[in-house]
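> One structure, as structure tokens, below. Some questions next.
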Amino acid sequence: MVAAALFAGGRVLIAERPHGKPLAGRWEFPGGKIAGEETEEQALMRELREELGVELLEGRPMMRLTHPYPDRTVELSLWVVERFRGEPRGLEGQALKWVEPSRLFEEDILEADRPFIAALVEWGSTSTVRKDPHGRRK
């Protein structure tokens, strides 16, 4: 699986799992399964388009982990996305919100995504150049 930490204005986007899906009502980083022969980047591009209606312009892998749930184990790769085109919207009925990385621990984030939070907080504190979603310096 692949997930995205979309950044804009120093905040990161999280999505609420929609009703009818496992762990509905919990928060996660947007993303999903890698289909067939897709690369992680191709899957991320597709998932961002399908879930949020945005086009990935620039992203890079940040961290990979394996997390055991009671019914399955997931392998998850988090990508940092600083440049994208479009305004994110919940195309699958999911709520979205922008959160400062240091406040992510206050959210009801899925267990598999929680290890990413510390890495994002550290990344946010060392990233001195802030850009808007279109890549312009802020």
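Taken together, the values in this text are just the output of simple stated rules run on the coordinates, not laboratory data. Remember, it's a predicted structure, so these values are computed and weren't measured experimentally.
> Output ³J(HN,Hα) for the stretch 93-110: one whole-Hz value per residue in order, computed from phi by the Karplus curve 6.51 cos²θ - 1.76 cosθ + 1.60 with θ = phi - 60°, and x for Gly and Pro.
Result, ordered by residue: x, 7, 6, 10, 8, 9, 9, 5, x, 5, 9, 4, 4, 7, 8, 7, 7, 4 Hz.
> Only Cα pairs within less than 10 Å get springs; with that Gaussian network setup on the chain, which residue of ARG60, ARG46, ARG17 has the largest fluctuation?
Highest fluctuation of the listed residues: ARG60.
> Let's test this: bin the Cα-Cα distances of the stretch 18-101 at 5 Å from zero up to the farthest pair and state each bin's percent.
Calculated P(r), rounded to whole percents: 3, 12, 22, 26, 23, 12, 3, 0.
> Under the rule of -39500 (n - 2.57) per DSSP H run of 4 or more residues, summed and divided by the residues of the chain, what mean residue ellipticity at 222 nm is obtained, to the nearest 500 deg cm²/dmol?
My calculation for the chain gives -6000 deg cm²/dmol from helical runs alone.
> Report, by chain and number, residues whose modeled amide H sits under 5 Å from the one on VAL74, excluding near sequence neighbours (fewer than 5 apart, same chain).
Placed amide hydrogens put HIS67, TYR69 under 5 Å from VAL74.
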